[in-house]
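Reading through the C-alpha coordinates given below for one structure.
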Amino acid sequence: MSRIGKSPVALPKGVEVSVSKGNLVTVKGPKGQLSEQLDADITVSIEDGVLNVLRPTESKRHRSMHGLYRALVNNMVEGVTNGFVKEMEVIGVGYRVANTGQLLELTIGYSHPILFALPEEIKLSTAMEKGKSPLIRMECIDKQLLGQVAAKIRGFRKPEPYKGKGIRFVGEIVRRKAGKTAGKK
(Lines give C-alpha, C1' and ligand atoms only; values in the text may rest on other atoms or scores of the structure.)
Protein backbone atom coordinates (compact mmCIF):
# COMPACT_ATOMS: atom_id res chain seq x y z
CA MET A 1 0.00 0.00 0.00
CA SER A 2 1.29 3.44 -0.90
CA ARG A 3 2.17 5.35 2.24
CA ILE A 4 1.43 8.68 0.59
CA GLY A 5 -1.69 7.43 -1.20
CA LYS A 6 -3.40 5.99 1.86
CA SER A 7 -2.94 9.06 4.08
CA PRO A 8 -6.07 11.25 4.04
CA VAL A 9 -6.12 14.91 2.99
CA ALA A 10 -7.62 17.15 5.67
CA LEU A 11 -9.82 19.90 4.24
CA PRO A 12 -9.50 23.19 6.17
CA LYS A 13 -12.46 25.50 6.72
CA GLY A 14 -13.35 27.53 3.66
CA VAL A 15 -12.12 24.89 1.19
CA GLU A 16 -14.64 23.18 -1.08
CA VAL A 17 -13.78 20.13 -3.17
CA SER A 18 -16.04 18.88 -5.95
CA VAL A 19 -15.58 15.87 -8.23
CA SER A 20 -17.43 16.11 -11.56
CA LYS A 21 -17.99 13.51 -14.26
CA GLY A 22 -14.79 12.38 -15.89
CA ASN A 23 -12.90 12.61 -12.56
CA LEU A 24 -12.25 16.37 -12.74
CA VAL A 25 -11.39 17.50 -9.20
CA THR A 26 -11.99 21.21 -8.50
CA VAL A 27 -10.73 22.81 -5.29
CA LYS A 28 -12.03 26.27 -4.26
CA GLY A 29 -10.52 28.19 -1.38
CA PRO A 30 -9.84 31.69 -0.06
CA LYS A 31 -6.92 32.27 -2.47
CA GLY A 32 -8.54 30.93 -5.65
CA GLN A 33 -9.58 27.84 -7.57
CA LEU A 34 -7.60 24.93 -9.06
CA SER A 35 -8.64 21.92 -11.16
CA GLU A 36 -6.92 18.62 -11.98
CA GLN A 37 -8.02 15.79 -14.26
CA LEU A 38 -7.56 12.46 -12.46
CA ASP A 39 -7.22 9.05 -14.09
CA ALA A 40 -10.53 7.25 -14.67
CA ASP A 41 -9.53 4.31 -12.42
CA ILE A 42 -8.80 6.45 -9.33
CA THR A 43 -11.76 7.37 -7.12
CA VAL A 44 -12.06 10.26 -4.66
CA SER A 45 -14.28 10.14 -1.57
CA ILE A 46 -15.06 13.10 0.69
CA GLU A 47 -16.41 12.46 4.21
CA ASP A 48 -16.48 14.71 7.30
CA GLY A 49 -13.93 17.22 5.99
CA VAL A 50 -11.47 14.49 4.96
CA LEU A 51 -10.62 13.54 1.39
CA ASN A 52 -9.44 10.02 0.52
CA VAL A 53 -7.96 8.85 -2.77
CA LEU A 54 -8.70 5.18 -3.51
CA ARG A 55 -7.39 2.72 -6.12
CA PRO A 56 -9.22 -0.31 -7.53
CA THR A 57 -6.43 -2.93 -7.64
CA GLU A 58 -2.89 -3.62 -6.47
CA SER A 59 -1.38 -3.43 -9.99
CA LYS A 60 1.83 -1.46 -10.43
CA ARG A 61 0.09 1.18 -12.54
CA HIS A 62 -2.66 1.78 -9.95
CA ARG A 63 -0.19 1.85 -7.06
CA SER A 64 1.96 4.48 -8.78
CA MET A 65 -1.03 6.68 -9.68
CA HIS A 66 -2.48 6.38 -6.17
CA GLY A 67 0.34 8.30 -4.50
CA LEU A 68 0.69 10.75 -7.39
CA TYR A 69 -2.93 11.90 -7.44
CA ARG A 70 -3.15 12.09 -3.65
CA ALA A 71 -0.06 14.38 -3.67
CA LEU A 72 -1.52 16.53 -6.48
CA VAL A 73 -4.84 16.96 -4.65
CA ASN A 74 -3.00 17.76 -1.39
CA ASN A 75 -0.92 20.41 -3.21
CA MET A 76 -4.11 21.95 -4.62
CA VAL A 77 -5.69 22.13 -1.14
CA GLU A 78 -2.47 23.61 0.30
CA GLY A 79 -2.25 26.11 -2.57
CA VAL A 80 -5.78 27.53 -2.24
CA THR A 81 -5.41 27.90 1.55
CA ASN A 82 -1.82 29.13 2.04
CA GLY A 83 -0.22 29.41 -1.40
CA PHE A 84 3.39 28.65 -2.31
CA VAL A 85 6.45 30.91 -2.32
CA LYS A 86 9.79 30.52 -4.13
CA GLU A 87 12.68 32.86 -3.40
CA MET A 88 15.76 32.98 -5.59
CA GLU A 89 18.99 34.93 -5.16
CA VAL A 90 21.21 36.18 -7.96
CA ILE A 91 24.89 35.93 -7.01
CA GLY A 92 27.61 37.60 -9.07
CA VAL A 93 29.41 40.92 -9.50
CA GLY A 94 27.24 43.27 -11.54
CA TYR A 95 24.25 40.90 -11.61
CA ARG A 96 20.96 42.78 -11.26
CA VAL A 97 17.23 42.04 -11.33
CA ALA A 98 14.23 44.32 -11.86
CA ASN A 99 10.58 43.87 -12.70
CA THR A 100 7.85 45.95 -14.25
CA GLY A 101 4.61 44.13 -13.55
CA GLN A 102 4.95 40.57 -14.85
CA LEU A 103 8.13 41.27 -16.88
CA LEU A 104 11.34 40.17 -15.16
CA GLU A 105 14.57 41.79 -16.35
CA LEU A 106 17.78 39.87 -15.55
CA THR A 107 21.25 41.34 -16.08
CA ILE A 108 23.43 38.29 -15.46
CA GLY A 109 26.66 38.67 -17.39
CA TYR A 110 25.45 38.30 -20.96
CA SER A 111 25.84 41.01 -23.60
CA HIS A 112 22.17 41.95 -23.21
CA PRO A 113 19.60 41.81 -20.40
CA ILE A 114 17.17 38.87 -20.43
CA LEU A 115 13.48 39.79 -20.42
CA PHE A 116 11.19 37.04 -19.14
CA ALA A 117 7.39 37.38 -19.05
CA LEU A 118 5.78 35.48 -16.16
CA PRO A 119 2.24 34.03 -16.24
CA GLU A 120 -0.53 36.14 -14.70
CA GLU A 121 -1.11 33.60 -11.90
CA ILE A 122 2.31 34.34 -10.35
CA LYS A 123 2.89 37.42 -8.18
CA LEU A 124 6.42 38.68 -8.75
CA SER A 125 8.57 41.00 -6.65
CA THR A 126 12.27 41.79 -6.76
CA ALA A 127 14.56 43.35 -4.17
CA MET A 128 17.99 44.92 -4.57
CA GLU A 129 19.60 45.96 -1.27
CA LYS A 130 23.10 47.31 -0.93
CA GLY A 131 25.51 44.66 0.37
CA LYS A 132 23.09 41.79 -0.34
CA SER A 133 22.44 39.61 -3.37
CA PRO A 134 19.47 40.61 -5.56
CA LEU A 135 16.36 38.63 -4.64
CA ILE A 136 13.47 37.33 -6.76
CA ARG A 137 10.28 36.38 -4.87
CA MET A 138 7.39 34.57 -6.57
CA GLU A 139 4.03 33.61 -5.06
CA CYS A 140 1.39 31.35 -6.62
CA ILE A 141 -1.36 28.91 -5.66
CA ASP A 142 -0.28 26.37 -8.32
CA LYS A 143 2.83 24.54 -7.07
CA GLN A 144 3.54 22.89 -10.43
CA LEU A 145 3.44 26.16 -12.39
CA LEU A 146 5.57 27.97 -9.79
CA GLY A 147 8.24 25.26 -9.80
CA GLN A 148 8.34 25.17 -13.59
CA VAL A 149 8.81 28.96 -13.89
CA ALA A 150 11.44 28.97 -11.12
CA ALA A 151 13.39 26.20 -12.88
CA LYS A 152 13.24 28.17 -16.15
CA ILE A 153 14.62 31.31 -14.44
CA ARG A 154 17.37 29.26 -12.74
CA GLY A 155 18.26 27.78 -16.14
CA PHE A 156 19.26 31.21 -17.51
CA ARG A 157 22.43 31.10 -15.38
CA LYS A 158 22.83 27.99 -13.21
CA PRO A 159 25.17 28.35 -10.22
CA GLU A 160 28.67 27.31 -11.26
CA PRO A 161 30.87 25.29 -8.87
CA TYR A 162 34.08 27.40 -8.96
CA LYS A 163 32.95 30.89 -7.94
CA GLY A 164 29.33 30.11 -7.06
CA LYS A 165 27.98 32.74 -9.48
CA GLY A 166 24.49 32.30 -10.89
CA ILE A 167 20.83 32.10 -9.93
CA ARG A 168 20.00 29.78 -7.03
CA PHE A 169 17.14 29.14 -4.63
CA VAL A 170 17.46 30.71 -1.18
CA GLY A 171 19.03 28.09 1.08
CA GLU A 172 20.31 25.96 -1.82
CA ILE A 173 23.77 24.54 -1.20
CA VAL A 174 26.11 24.61 -4.19
CA ARG A 175 29.08 22.26 -3.96
CA ARG A 176 32.22 24.25 -4.56
CA LYS A 177 35.28 22.88 -6.35
CA ALA A 178 38.89 23.86 -5.93
CA GLY A 179 40.39 25.63 -8.92
CA LYS A 180 43.65 24.80 -10.67
CA THR A 181 46.73 24.53 -8.53
CA ALA A 182 50.12 25.93 -9.47
CA GLY A 183 52.27 23.74 -11.75
CA LYS A 184 55.13 21.62 -10.45
CA LYS A 185 58.68 23.04 -10.48
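The values are calculated or read from the model by the stated rules, or taken from the named source; none is laboratory data. These figures come from a predicted structure and were not determined experimentally. All Cβ positions, glycine included, derive from the backbone under ideal geometry; neighbour counts span all protein chains shown. Keep in mind that these areas ignore ligands, DNA and RNA; they rest on the heavy atoms of the full protein, side chains included. Shrake-Rupley method; radii C 1.70, N 1.55, O 1.52, S 1.80 Å.
Among [x] 38, 37, 30; [y] 63, 42, 24; [z] 71, 46, 24, only one was calculated for this model; which label is it, if the read-out is Cα extents along the principal axes in Å?
Read-out from the structure maps to [z].
Let me know the longest stretch in the chain that avoids all GluC sites (Glu not before Pro) found in a DSSP loop with at most 11 other C-beta atoms within 10 Å.
That would be 59-119.
By how many degrees, between 0 and 90 and to the nearest 10, does the Cα long axis of helix 143-156 differ from the longest principal axis of the chain?
So the helix axis and the longest Cα principal axis differ by about 20 degrees.
Whenever you get a sec, line up 26, 57 from highest to lowest accessible area (probe 1.4 Å, protein heavy atoms).
Final ranking, largest accessible area leading: 57, 26.
Which residue, 101, 49, 22, tops the fluctuation ranking in a GNM of the chain built on C-alpha contacts under 10 Å?
Top of the fluctuation ranking is 22.
Which order do you get for 154, 70, 137 if you rank them by accessible area with a 1.4 Å probe, largest at the top?
137, 154, 70
Keeping all protein chains in place and using 1.4 angstrom, which order do 112, 62 fall into by accessible surface area, from largest down?
Accessible-area ranking of 112, 62, largest first: 112, 62.
Rolling a 1.4 angstrom probe over the protein chains, ignoring ligands and nucleic acids, what is the accessible area of residue 125 in square angstrom, nearest 10?
50
How would you classify the range 37-115 from its alpha-carbon gyration tensor, with a ≥ b ≥ c the square roots of the eigenvalues: rounded for a/c under 1.5, else prolate if a/b is greater than b/c, otherwise oblate?
Since a/c reaches 1.5 and a/b is larger than b/c, the shape of the range 37-115 is classed as prolate.
Among 119, 134, 56, determine the one that fluctuates most according to a GNM of the chain built with springs between C-alpha atoms less than 10 Å apart.
56
Cross-link partners among aspartates and glutamates for residue 143, C-alpha distance below 18 Å, same-chain residues fewer than 8 apart left out?
Partners within reach: 36, 78, 87, 120, 121.
Among rounded, prolate and oblate, which fits the range 4-54 when a ≥ b ≥ c are the square roots of the eigenvalues of its C-alpha gyration tensor, a/c under 1.5 means rounded, and a/b larger than b/c means prolate?
oblate
Roughly how big is the range 1-88's charge dipole about its Cα centre, with Cβ charges of +1 (Lys, Arg) and -1 (Asp, Glu), in debye to the nearest 20?
Charge dipole, the range 1-88, about its Cα centre: 200 debye, nearest 20.
Under 29 Å Cα to Cα from residue 177, which lysines show up? Leave out anything in the same chain fewer than 8 places away.
Here the lysines satisfying the reach criterion relative to residue 177 are 86, 130, 132, 152, 158, 163, 165, 185.
Would you mind classifying the range 129-185 by shape? Square roots of the alpha carbon gyration tensor eigenvalues, ordered a ≥ b ≥ c; an a/c under 1.5 is rounded, otherwise it is prolate if a/b is larger than b/c and oblate if not.
Judged from the Cα gyration tensor, the range 129-185 comes out prolate (a/c at least 1.5, a/b above b/c).
Which net charge results for the neighbourhood of residue 152, defined as the other residues with beta-carbon distances under 13 angstrom from its beta-carbon, given Lys and Arg at +1 and Asp and Glu at -1?
Surrounding charge for residue 152 is +4.
If you take the beta carbon distance between residue 105 and residue 129 as r and set R0 to 22 Å, what does 1/(1 + (r/R0)^6) give as a FRET efficiency, to the nearest 0.05?
That pair, residue 105 with residue 129, gives E of 0.80.
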